[in-house]
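Novice: Please read through the structure below; I'll follow up with questions.
The values are calculated or read from the model by the stated rules, or taken from the named source; none is laboratory data. These numbers were taken from a predicted model, which means no experiment stands behind them. FYI the Cβ positions are ideal-geometry reconstructions off the backbone, even for glycines, and counts take in every protein chain you see. Heavy atoms of the whole protein, side chains included, go into the accessibility calculation; ligands, DNA and RNA do not. Shrake-Rupley method; radii C 1.70, N 1.55, O 1.52, S 1.80 Å.
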Amino acid sequence: MNILLIGGGGREHALAWKIAQSPQLTRLYAAPGNPGIAEHAEIVALDAADNVAVVAWCRAHGIDLVVVGPEAPLVGGHVDDLADAGIAAFGPGREAARLEGSKGYAKDLAAEAGVPTAAYRRFHDAGSASAYVRDAGAPIVVKADGLAAGKGVTVAATVVEAVAAIDACFAGAFGAAGAEVVVEECLMGDEASFFAFADGRDVVALATAQDHKRVGDRDTGPNTGGMGAYSPAAVMAPDLIARTMAEIVEPTIAAMARRGAPYRGVLYAGLMITQEGPKLIEYNVRFGDPEAQVLMMRLDDDLVPLMTATVEGRLAAVQPRWNADAALTVVMASRGYPGAYTKGAPISGIDAAEAVDGVKVFHAGTARADDGGLVSAGGRVLNVTARAATIGEAQARAYAAVDRIAFADGFCRRDIGWRATGDTSNG
Ligand code: AMP
């Protein structure tokens, strides 16, 4: 099979690394890719946002499957345009991708399907949203409706903070994504990420993970795209997995089919494990980044036939096998992230890091300098990922590997996995 992978972050490096191990693979291409992905795929100069160009390129190169990593091309209808041209693509179509593209859409769908989630209201103007918040009180959560790169959510401790977030949304802080605002009840509990493949009708559970959104140790500082993750999520006992499938994921897939927008692809449910059980925080329509990195380290099966079964509606006969080992990834980021940061800092020591047992270093924001050396090229730069029998051992291996990498302008959290290990100070 010839496969084109769309994307260029750590998630896509993990997917490329896994796809490259498939005996079914003939050639793997990637756009835009990164230097890590380039070890497994031929990088192609293709504007991944240009659906017409992608379709034409796939036709010219005999592509059998397109794997779309990030959410923007999915929400932008890549999969529909490829399907119209007779090219199979992994991921939901434009309408089904609204589960992530519009938080209001996802909340309405959850209500229609009877999925447990935070109580909510949708607003199109600041005045009525603020009046509602003053009435409801704090803590309360304010969300820009559309895609805002993970920055459109404010968990407000006070009414003043919530009103400021509402004003910022309607003043254009998130562009068109903030033209509608969802205000919702603040849920309390432990968070977990749950992943499943759906083929429009049948659903298979994948695995669980927990990510670390805040930039600082002990979950302090601003939210980021994710500073690390581990799998499995300690909080997701087998009964909670069964409840998540029965109460959240399966009713959602059934409701999407009833709406005439069958969901095919990976469905990522962000969950709050409350005292009443799992509740949906939000849906994402692609793998998490950095959760994909730990999932790919634990998946024993070939990813390619799993993806084709998803695309072709054959999941009823599939049960993916997961390694009993745990996996943990530490994100090395550019100093200043998630605020302003510099690029072009030299990085070395990746080979030495990968010499640590069970370690794989995935590239996120890296580039090759003119002399061929590796330099930073983004906020999140490397995902130092380890597998081991326990989360504690995976954590020790990942940090041993981090300490072999020279990246003067870089930093990482030192406590990834603390909820599972109870240890908040890993050297
Ligand atoms: P998101 O960008 O939608 O993943 O949201 C970012 C973070 O905001 C989530 O990971 C949660 O920590 C938090 N969050 C979102 N919605 C709620 C809610 N209803 N109650 C409590 N926390 C929430």
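Novice: Which of Leu295, Gly349, Gly270 sits farthest toward the positive end of the charge dipole of segment 258-373, with +1 on the Cβ of Lys and Arg and -1 on the Cβ of Asp and Glu?
Specialist: Gly270
Novice: Per residue of segment 117-123, what does 6.51 cos²θ - 1.76 cosθ + 1.60 with θ = phi - 60° give for ³J(HN,Hα)? Whole Hz please, x for Gly and Pro, Karplus curve as stated.
Specialist: In residue order, the calculated couplings are 7, 5, 4, 8, 9, 9, 9 Hz.
Novice: How much accessible surface does Leu382 have with a 1.4 Å probe, in Å² rounded to 10?
Specialist: Around 0 Å² of this residue is reachable by solvent.
Novice: Please list, in order along segment 279-285, the HN-Hα scalar couplings obtained from phi with the Karplus expression 6.51 cos²θ - 1.76 cosθ + 1.60 (θ = phi - 60°), rounded to whole Hz, x for Gly and Pro.
Specialist: So the J values, rounded to whole Hz, are 10, 6, 8, 6, 9, 10, 9.
Novice: Let me ask something else. Report, in debye and to the nearest 20, how large the dipole of the chain comes out about its Cα centre when Lys and Arg carry +1 and Asp and Glu carry -1 on their Cβ.
Specialist: Value, rounded to 20: 180 debye.
Novice: Still on this model: Say each of Ala56 and Ala246 gets a label point 7 Å from the Cα, pointing the same way as Cα to Cβ; how far apart are those two points in nm?
Specialist: Between Ala56 and Ala246, the simple spin-label model gives 5.3 nm.
Novice: Hey, another quick one. Looking at the chain as a GNM with Cα springs under 10 Å, which of Asp415, Asp199, Asp300 has the largest mean-square fluctuation?
Specialist: Asp300
Novice: Which sequence of Val204, Val160 reflects their accessible areas, 1.4 Å probe, from the largest down?
Specialist: Of Val204, Val160, the descending order of accessible area is Val160, Val204.
Novice: I need the calculated FRET efficiency for the pair Arg258 and Asp301, taking r as the beta carbon distance and R₀ as 22 Å, to the nearest 0.05.
Specialist: My answer for the efficiency is 0.10.
Novice: On to the next question. In whole Å, what three semi-axes, largest first, describe the equivalent ellipsoid of segment 315-354 built from its Cα gyration tensor (square root of 5 times each eigenvalue)?
Specialist: For segment 315-354, the semi-axes come out at 35, 17, 10 Å.
Novice: Place a point 7 Å from Cα of Ser348 in the direction of its Cβ. Which residues in segment 17-39 have their backbone N less than 20 Å from it?
Specialist: 35-36
Novice: What Kirkwood radius, in Å to one decimal, follows from the Cα pairs of segment 206-315?
Specialist: 15.5
Novice: Something else about it: Full-extension gain between Asp108 and Asp357, please, as 0.36 nm times their residue separation minus the C-alpha to C-alpha distance.
Specialist: Extra length available between Asp108 and Asp357 comes to 85.0 nm.
Novice: Where does the chain land on Rg/Rh, using Cα atoms and the Kirkwood Rh?
Specialist: That ratio is 0.95, to two decimals.
Novice: Along the charge dipole of the chain, pointing to its positive end and built from +1/-1 on Cβ of Lys, Arg, Asp and Glu, which listed residue (Val375, Ala196, Pro305) has its Cα farthest out?
Specialist: Val375
Novice: Could you give each residue of segment 372-384 its phi-based ³J(HN,Hα) in whole Hz, using Karplus coefficients 6.51, -1.76, 1.60 with θ = phi - 60°, and x for Gly or Pro?
Specialist: Whole-Hz 3J(HN,Hα) from phi for segment 372-384: x, x, 8, 9, 6, 8, x, x, 8, 10, 9, 10, 8.
Novice: For the chain, what is the accessible area per residue in Å², given a 1.4 Å probe and the full set of protein chains?
Specialist: About 37 Å² of surface per residue is accessible.
Novice: How far apart, in nm, are the 7 Å Cα→Cβ label points at Ala237 and Asp135?
Specialist: About 3.9 nm separates the two model spin labels.
Novice: Using a cut-off of 12 Å between alpha-carbon atoms, which aspartates and glutamates can reach Lys143, once sequence neighbours fewer than 8 places away in the same chain are excluded?
Specialist: Lys143 reaches Asp167, Glu180, Glu184, Glu185, Glu282.
Novice: Still on this structure, please answer the following. Treat each spin label as a single point 7 Å out from the Cα along the C-beta direction, and report the Glu185 to Val318 distance in nm.
Specialist: In this crude label model, Glu185 to Val318 measures out at 3.5 nm.
Novice: Okay, moving on. So who's got an amide H within less than 5 Å of the one on Asp211, skipping anything under 5 residues away but keeping other chains? H placed 1.01 Å off N, in plane.
Specialist: Distant-sequence amide H within range of Asp211: Ser193.
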